[in-house]
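The values are calculated or read from the model by the stated rules, or taken from the named source; none is laboratory data. Computed from a prediction, not measured in an experiment: that's the story for all the values here. Cβ placement follows ideal geometry from the backbone for every residue including glycine, while neighbour counts extend to all protein chains displayed. Calculation scope for accessible area: heavy atoms of the full protein, side chains included, ligands and nucleic acids excluded. Shrake-Rupley method; radii C 1.70, N 1.55, O 1.52, S 1.80 Å.
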Amino acid sequence: MISHNPEHEPKRTFHVRVGHTTVTVKGHSRENAIGQARQQLCQDMPRMWDIIQSLGHHRFDVFEVE
Amino acid sequence: MPVASLIRTLTPDLIDAQQRIEAHARDYGLDFYTTVFEMVDAQQLNAIAAYGGFPTRYPHWRFGMEYEQLSKGYAYGLQKIYELVINNDPCYAYLMTSNSFSDQKLVMAHVYGHCDFFKNNIWFSKTNRKMIDEMANHGNRVRRYMDRFGAETVEEFTDVCLSVEDLIDIHSPFIQRYERQDKYSFRNATDDMNREENIPGRFPAKQYMEPYINPPEALALETARQQKRLDQNDGFPKEPRRDILLFLLEHAPLRPWQVDLLSIVRDEAYYFVPQGQTKIMNEGWASYWHSTIMTRHGLEPNEIINYADHNSGTLATSPTRLNPYKLGVELIRDIEDRWNRGCFGRDYNECDDRVAKREWNTNIGLGREKIFEVRRIHNDLTFIDEFLTLEFCRRHKLFKFGYNENTEHYEIESREFPKVKQQLLYSLTNRGRPIISVRDGNYKNRGELYLKHDYNGVELELNYANATLENLFQLWQRPVHVETVLDNRVSTLTFDGSEQSVSKTDQVWNEAEEVKTS
């Protein structure tokens, strides 16, 4: 059986902007990049953990870097 | 003029700010009694602070002295009280009229943190929530005694009581230390002592089974054991009593008004215990919430610099003093961060890789829940013991300092984590006060009072010890002794009514022995 595992897809680079803050992350897709960005932002700003976690997807602007 | 009559209510914009901040605090899950804010000027605030936060208390020169100290400090720009809040239902908080609008909002947010802590922390659970009324009653009682017996007599006796107000058992509200005597239990005093059913250790049995169920040798052993216990307990009090004030109330030859005054001092001392026990946590919790509420909701752009300036002033650390606000808030943030990232439990603790530990993130997000749990069950001692970690100590560059007699300077003694933590825990155990208990109320069968200091490596300050013995003599009216350790030898300080004496024994204090026997 041939299975499709997204983990093995090559990673792409994204700029993810939320408010005035932008982080650069690597991910397989835009959704994945938002997840990575959340994690990165939580790490950088631990006092904002609850806010970052509760932000809706639409608050993140994702730009793929060529 | 009484302070209470000069208090003003809030301006409309402050009422608006208060309602918004209260709503934010409740949204975050803070739970507090109704909080009443009142506006006072600097002089009034200093007066209320000198009274320990209560507008009406018993008259005593100490409050005037504290007021002088506070108002001089304020006049010379050395200190300023931003806020004052009382653990009561409703909570009362005072705002200073001269504060800027952003400061007032900061204070309100901070106050809601305190009020939540008062209501929910277990160590406050036994405090009187109507203490404002109780303190006013105490004031009335003391004033009545002053009218009847003379202000000087009552004030001198109050001085004596206040000098021993620390000699209480801070955990006693939560523990029944000794068996209460049932006043209707006359069993031991009757002639039935020798009847069969009163033989210790005997089980009820039919006569033909008696030698099997109650073998005589087992009964003899049990009788001997109980007799030994009774012999050991023959002292007065039967067990060491740490609540020395209670012991004095029960047994010292005091007049009724003196008993009442001593009980007032004792009640107030117990009321203030949890505040001393939770200073770091309580201030940390309030600072955490003022910073969260203010930075997310409370500030206008033009207020940020002012807020940051005053906030940093409150949280500033000094090389010679531990700032409870700073330590508390940083520890709470550290706990929140650790529980958000899952940095706890066996896997994390057993991980040897420093980089992996630093970047540990299971994304579990339990931080907020955890800090609410911590504020519910801990006091400073257990809080530091449980959550002050090596990483935290390194990150915040904590150190232990002491006076070097060779260089005549204070200098850093150690940055080692166990020593720093040990020092902190020592200073928090029993709020840094020596642990002293009554061992014998009829010492040498002469009605003298014998106390024992549980020495843990820190000697009693002799000036204080001698003055306290003199005051205890006034209460007990017979010679008073305290056993302690001086220069590593077991010693006894005595005051016999006319002079102080110290008798040192040859017995060397041995920590291991002490642990074994106590």
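In table form, for the structure just shown:
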quantity	calculated
Which listed residue is closer than 25 Å to B:Glu250 by Cα and in contact with a Ser or Thr (Cβ under 9 Å, 6 or more places away or on another chain), from B:Thr494, B:Thr505	B:Thr494
In the range B:321-337, the residues that are of a type in the set (A, V, I, L, M, F, W, C) and either away from chain A (no Cβ under 14 Å) or farther than 27 Å from B:Gly276 by Cα (or both)	B:Leu322, B:Leu327
Residue, most open to solvent (accessible area, probe 1.4 Å), within the range B:306-350, restricted to residues that are β-branched (Val, Ile, Thr) and either modelled with pLDDT of 90 or more or farther than 19 Å from B:Lys421 by Cα (or both)	B:Thr314
Filtered residue count, the range A:45-64, keeping only those that are more than 9 Å from chain B (Cβ to nearest Cβ) and either open to solvent by less than 70 Å² (accessible area, probe 1.4 Å) or not polar (S, T, N, Q) (or both)	12
Residue list for the range A:22-44, restricted to those being under 19 Å from B:Thr292 (Cβ atoms) and either open to solvent by 80 Å² or more (accessible area, probe 1.4 Å) or touching a residue at least 24 places away in the same chain (Cβ under 8 Å) (or both)	A:Asp44
Residue in the range B:76-99 that is assigned to a helix (DSSP H, G or I), touching a helix residue (DSSP H, G or I) at 6+ places or on another chain (Cβ under 9 Å) and either among the charged types (D, E, K, R) or open to solvent by 50 Å² or more (accessible area, probe 1.4 Å) (or both) present	no
Output for the range B:360-417, where each listed residue is more than 30 Å from B:His114 (Cβ to Cβ) and among the aliphatic types (A, V, I, L, M)	B:Leu390, B:Ile412
Given (1) within 14 Å of chain A (Cβ to nearest Cβ); (2) in contact with an Asp or Glu (Cβ under 8 Å, 6 or more places away or on another chain), index of the condition B:Asn340 fails	(2)
Positions within the range B:345-396 being of a type in the set (Lys, Arg) and under 32 Å from the mean Cα position of the chain (by Cα), in sequence order	B:Arg368, B:Lys370, B:Arg375, B:Arg376, B:Arg394, B:Arg395
Criterion (open to solvent by 40 Å² or more (accessible area, probe 1.4 Å) and either modelled with pLDDT of 85 or more or under 23 Å from B:Arg144 (Cα atoms) (or both)) met by exactly one of B:Pro256, B:Pro237	B:Pro256
So B:Gln44, is it open to solvent by less than 50 Å² (accessible area, probe 1.4 Å), of a type in the set (S, T, N, Q) and on the phi < 0 side of the Ramachandran plot	yes
Residues located in the range B:121-174, provided they are β-branched (Val, Ile, Thr) and either in a helix (DSSP H, G or I) or open to solvent by 50 Å² or more (accessible area, probe 1.4 Å) (or both)	B:Ile122, B:Ile132, B:Val142, B:Thr153, B:Val154, B:Thr158, B:Val160
Residue pairs meeting the criteria (Cβ under 9 Å; at least 6 apart or on separate chains; first within 14 Å of B:Cys91 (Cα to Cα), in the range B:25-39; second open to solvent by 20 Å² or more (accessible area, probe 1.4 Å) and part of a strand (DSSP E or B))	B:Thr35/B:Val85; B:Thr35/B:Tyr92; B:Val36/B:Tyr92; B:Phe37/B:Tyr92; B:Glu38/B:Arg8; B:Glu38/B:Tyr92
Conditions (1) under 26 Å from B:His114 (Cβ atoms); (2) more than 12 Å from chain A (Cβ to nearest Cβ); (3) among the polar types (S, T, N, Q): number failed by B:Thr295	(2)
Subset of the range B:351-386 (residues that are among the acidic types (Asp, Glu), away from chain A (no Cβ under 11 Å) and open to solvent by 70 Å² or more (accessible area, probe 1.4 Å))	B:Asp352, B:Asp353, B:Asp385, B:Glu386
Set B:Leu460, B:Leu469, B:Leu451: member being under 20 Å from B:Asp159 (Cα atoms) and among the hydrophobic types (A, V, I, L, M, F, W, C)	B:Leu469
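Table: residues versus (1) out of contact with any strand residue (DSSP E or B) (no Cβ under 8 Å at 6 or more places or on another chain); (2) within 19 Å of B:Leu472 (Cβ to Cβ).
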position: B:Ile244; (1), (2): no, yes
position: B:Ala252; (1), (2): yes, yes
position: B:Leu262; (1), (2): yes, yes
position: B:Val265; (1), (2): yes, yes
position: B:Ala269; (1), (2): yes, yes
position: B:Ile280; (1), (2): yes, no
position: B:Gly284; (1), (2): yes, no
position: B:His297; (1), (2): yes, no
position: B:Ser312; (1), (2): yes, no
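Quick grid of which residues meet (1) open to solvent by 40 Å² or more (accessible area, probe 1.4 Å); (2) without any contact (Cβ under 8 Å) to a residue 40 or more places away in the chain; (3) not in a helix (DSSP H, G or I); (4) not charged (D, E, K, R):
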site	(1), (2), (3), (4)
B:Gly402	no, yes, yes, yes
B:Tyr410	yes, no, yes, yes
B:Tyr426	yes, yes, no, yes
B:Thr429	yes, no, no, yes
B:Arg439	yes, no, yes, no
B:Gly457	yes, no, yes, yes
B:Asn463	yes, yes, no, yes
